[in-house]
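Read-outs: derived from the displayed coordinates by stated rules, not from any lab. If you're wondering where the values come from, they're calculated on a predicted model, not measured in any experiment. Heads up, the Cβs are rebuilt from the backbone with ideal geometry, glycines too, and the neighbour counts pull from every protein chain shown.
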Amino acid sequence: QQAVQSAEAQVRSDDRNHVFHSWSAQALIDPLPVAGGAGSTFWDYSGKKYLDFSSQLVNLNLGHQHPRLVEAIKRQADRLATIQPAFANDVRGELARLLAERAPGSLNKVFFTNGGADANEHAVRMARHHTGRRKILAAYRSYHGGTTTAMSLTGEPRRWANDPGDASVVHFFGPYPYRSAFHASSAAEETQRALEHLESVIQLEGPGTIAGVILETVVGTNGVLIPPPGYLKGVREICDRYNLVYIADEVMVGFGRIGEWFAVDAFDVVPDLLTFAKGVNSGYVPLGGVLISDAIAETFANRAYPGGLTYSGHPLACAVGVETMHVFEDEQIVQRVRDLGERVVRPELERWQREHPSVGEIRGRGLFWAVELVKDQSSREPLVPFNASGEAAAPMNAVAAACKAEGLWPFTHFNRVHVAPPLVISEEELRRGLDIIDRALVQADALVTG
Ligand code: PLP
């Protein structure tokens, strides 16, 4: 017991003294020392277990310590731990082929990166060189990564400190029926008006100045916004009409998260570039990439692509990616996600909406859901203000704390609780986790004024 306590104390003091954390005021955080994890659970040094309903950063699709993924790393480490990208490598090529076989349309080539932000950086660079134009249109409600151009593409407040960053990014409003920027009263009207808005922005910016449009297929951190029927198809048509590159950011929603291999499959559209990371290998070794259409690949057939990375297509990362693809097939991950989403999650969240006065809207698909909390169901005033922090965020912190006290690690953002567990979660764990959130929502109900 004493040895465990001193191990924890060492982890804590090394972290506090020397680790500089993302997105944080360093003196105001107290990171939980994690001792281990298995499947959908991780635990601290006191042995307290947490059911992980945020899949770490929505990357741990196959859970902690999946034996086949761990074995794939060991096997590859014994064979060849690293090789630079200019060589042809067996697992790198195999993963690229498996991805191309799964991806829709002519997305037949893969440029591998270290993660999601650089995948978006490179997708934008490809779009610019392919079209010879510079501007990129991106949605306000979006997150595309923490590097300079990816931060500029990002519409949400994390962009602000980086502005103007890449000044040739222009933001527009995507569809969000529950809080429509277009005063729409139905999903069909939202689709139509959001498309008219996008087309107006293109006309006003000058189609001849725009390289492309980037969109999260389902907006992730900024709301689990499922595009209403016809929206993405309309975006595809507009891009074709004006000769713009359509970039789908599937860093968070690819690889089974919404019950499809690639999220675009649910909406029957084929982008010109598709970026991925996270779920491609559950983050066991950092990996991301861009799937590239034949037409864009052709641009760089006889002209050098001006970009590269020392670790592009790292064999350890690709070996876990290849095994991930096989596990998806063997464990029928996509099918089980659809089943759990519709049979277990949807009915439970619909019940919350009926029974908790603080639940304004629930929405989602597969194992990716948002529960939007409000002070008043009729005015839809959010439980906490947009971008709330400190005292203003206290009600959401209370909901999160109630979840953690009962052994559930939640994903919260602004006035929302997301449900995003590992895709291998058992039905029993899923139901237990949902019950914990159900009880935690009482904290929010107490603040309802309407
Ligand atoms: N794009 C989306 C939609 C994301 O959710 C994220 C990360 O959360 C990124 C890009 C950035 O990925 P990374 O943190 O691997 O750079």
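Tabulated values for the structure
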{"read-out": "Ranked packing of 123-131, 345-353, 217-225, most packed first, by mean Cβ within 10 Å", "value": "217-225, 123-131, 345-353"}
{"read-out": "Candidate lysines - alpha carbon under 22 Å from residue 74, same-chain residues fewer than 8 apart omitted", "value": "278"}
{"read-out": "Expected-Rg normalisation [2.2 N^0.38 Å, Cα atoms] applied to region 345-450", "value": "1.00"}
{"read-out": "Rounded to 5, the percent of DSSP beta bridges in region 211-355 classed as antiparallel", "value": "40"}
{"read-out": "Computed [θ] at 222 nm, helices only, for the chain once each DSSP H run of length n ≥ 4 contributes -39500 (n - 2.57)", "value": "-12000 deg cm²/dmol"}
{"read-out": "Mean Cα-pair separation over length for region 68-330, i.e. relative contact order, pairs under 8 Å, 6 or more apart, %", "value": "30"}
{"read-out": "Fraction of beta bridges assigned by DSSP in region 68-330 that are antiparallel (%, nearest 5)", "value": "40"}
{"read-out": "Ascending count of other beta-carbon atoms within 10 Å, so fewest first, for 403, 318", "value": "403, 318"}
{"read-out": "Net charge dipole size for region 68-330 [Lys, Arg +1 and Asp, Glu -1 on Cβ; Debye, nearest 20]", "value": "540"}
{"read-out": "³J(HN,Hα) computed for each position of region 314-319 - Karplus, 6.51 cos²θ - 1.76 cosθ + 1.60, integer Hz, glycine/proline x", "value": "4, x, 5, 5, 5, 4"}
{"read-out": "For the chain, size of Cβ-based charge dipole, Lys and Arg +1, Asp and Glu -1, in debye", "value": "520"}
{"read-out": "Likely footprinting exposure, 326, 183, fewest C-beta neighbours within 10 Å first", "value": "183, 326"}
{"read-out": "Ranked packing of 388-394, 48-54, most packed first, by mean Cβ within 10 Å", "value": "48-54, 388-394"}
{"read-out": "Order by protection proxy (mean Cβ within 10 Å, highest first), peptides 26-38, 434-446", "value": "434-446, 26-38"}
{"read-out": "Whole-Hz ³J(HN,Hα) from phi, Karplus 6.51 cos²θ - 1.76 cosθ + 1.60, for region 158-175, glycine and proline x", "value": "5, 5, 3, 5, 9, 5, x, x, 8, 6, 9, 9, 10, 9, 9, 8, x, x"}
{"read-out": "The chain: antiparallel DSSP beta bridges as a percent of all, rounded to 5", "value": "65"}
{"read-out": "Percentage relative contact order, the chain, counting C-alpha pairs under 8 Å, at least six apart", "value": "20"}
{"read-out": "Enclosed volume per residue, in Å³, of the convex hull spanned by Cα atoms of the chain", "value": "150"}
